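Colleague: Sharing a structure with you now.
The values are calculated or read from the model by the stated rules, or taken from the named source; none is laboratory data. In this text, all values refer to a predicted model and were calculated from it rather than measured experimentally. Here the Cβ positions follow ideal geometry from the backbone for every residue, glycine too, while neighbour counts run over all protein chains shown. Protein only, heavy atoms only, side chains kept; ligands, DNA and RNA dropped before computing areas. Shrake-Rupley method; radii C 1.70, N 1.55, O 1.52, S 1.80 Å.
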Amino acid sequence: MALNSTHPSYDAHVKDWLLMRDSYAGEGAVKAKEFDYLPATPSQVLDGALEKDPRKAGYAAYKGYIARTPFPDYVTEAVKRYTGMLHSKAAEFKLPTAMEPLLEKATADGESLTSLLRRINVEQLVSGRLGLLLDFPPNPDPTAPLPYIALYIAEAVRNWDNSADHLGVNALTMVVLDESGPVRISDFEWKDTERYRVLQLGVPVVPPGGAAVDDETGDSAKPDDPTEGAGTAVYLQGVFQMAEGGADFSQAAMLAPVYRGQTLEQIPFVMVNSTDITSTPDDPPLLGLGWQCMTIYRGEADYRYTLFMQGQDTLVTIGTVQQGGSVVNAGEDPLRIGAGSHINMDLTGDAKYIGIGADGIEGQREALRDDRKLAESKSGAMISPSAGKQESGDALTTRLAAQTASLTQIALTGAAALQNILRVAASWMGLNPEEVQVTPNLQFETQLVTSQEITQLMAARTMGAPISLQSIHGVMKDRGLTQMEYEDELDTIAEEDLDRAKRIATLPQPPAPPIAPKPGPGPAPKPGNGGGQ
């Protein structure tokens, strides 16, 4: 079997993976595949479209046909929407102290664990399949060597074997990963190279330290048989480049990675599907939506082709045609038409345009309308067609679960896979794997609490409802109004009140108003004219 051979399950799913990959990438990726997704019309085929020769009229017509056709982006929007819901709140990670740097740098590209989990969820939504490999850099930090996690998309995990071992337990014994791509061969030049990374569980031909397995005979144990010498099988790895005559594979080049003198007795690779972490692939959770997008794409092509042809009437001439003083022979000389042209006909001749009727165009438009409504339903669109309002979280989750793998399953599976590979790292580093915990977000819809709801809660408490301030704070925290714990919130409020009192005390005080003088006694009364004289 050649190194680039593929697993039967890979062959059964790869077309679906590629369809979803292209649908997610968008219009450019779909149109680049040309006939794979949009067949040529019969007339284009007759005119040589399948030869892909730009000089052929059929291929030129097909290029215009495909250029006029839009591709719907429902898959792209659905993946973005669901990824946003999965990460509306951050996942929680707990690691041993020695592994905590992985929180900020978990991949060779320097991604954090949060970013890596997001990429895992995206791949689960797009293809429903990926792989995670634990590896060490070629030149790790000698004082504190840390592993990194590499993500392989579904199409890159080409071959594997998880046969039962001598204890009757299914475990990976072989994985082949496609790492083909451009490789820089000089300062500024690149070359496409086909290469594969082989992961294997077996007995190394050259064990760690460089000694042969058998110094006397030079014979090596069979590395492809993990039952040979129970307890001696270790993890082997090698990268091989395809040569012209086949793969340049050598068992002697398979080496056992070592961390501080310790090898690993399992392949540090985790298969991830949309609903489980087994080796058997799942169907992509949005596959129905992908096929619906292709249906819309082909329907749009026919509809817009009809519109285009309606504006391209055909000139029909009856009798002899003269142009520029000479007779134009039909089928030989080009006939110039349009503004600025002149056509001479004999006395019995005639010229007219004929075109495509519009009888079926409304039916095409209606069919496209129905197809788009179905696509919106399959994509779990959050806008209700009837009421124009946002669906509740329960309604959205129910509908999504009925059509695809539920977001809860995807979240739990992605977190479990990342937790498993991190626990393998902990075991290899001599740490306690049980200290590794990855808890995903399972609250997919954020409902902010309103001021009216807070007022009602406080009023209910004042009127004797058995609800504490801490419980009310818990509602506010669950609904995203605050991220603080109750005690921290009280401490912050106390600090704010104290700070406010200090600031008020430092403000300049206004001068006291002047004191008004007390009123004195009034003037003495004037003597009257008493006596009646």
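Colleague: Show me the three semi-axes of the equivalent ellipsoid for region 67-178, from the C-alpha gyration tensor (sqrt of 5 times each eigenvalue), largest first, rounded to whole Å.
Modeller: Output for region 67-178: semi-axes of 29, 23, 15 Å.
Colleague: Further, regarding this structure: First select every other residue whose beta carbon is under 14 angstrom from the beta carbon of residue 305; then total the charges, Lys and Arg +1, Asp and Glu -1.
Modeller: +3
Colleague: Given 0.36 nm per residue, what is the gain on full extension from residue 179 to residue 249 after removing their alpha carbon distance, in nm?
Modeller: 23.7 nm
Colleague: How high is the relative contact order of region 29-152, in percent, counting Cα pairs under 8 Å that sit 6 or more residues apart?
Modeller: Worked out over region 29-152, it gives 15 percent.
Colleague: Find the eigenvalues of the gyration tensor of the Cα atoms of region 416-501, then list the square roots of 5 times those eigenvalues as equivalent ellipsoid semi-axes, largest first, in whole angstrom.
Modeller: 39, 18, 12
Colleague: Quick one: length gained pulling residue 499 to residue 298 fully straight, 0.36 nm per residue minus the C-alpha distance?
Modeller: 65.7 nm
Colleague: Right, something else. Given R₀ = 56 Å, FRET efficiency for residue 73-residue 463 by Cβ-Cβ distance, to 0.05?
Modeller: Efficiency, rounded to the nearest 0.05: 0.60.
Colleague: So, taking all protein chains as they sit and a 1.4 Å probe, how much accessible area belongs to residue 269, in Å² rounded to tens?
Modeller: 10
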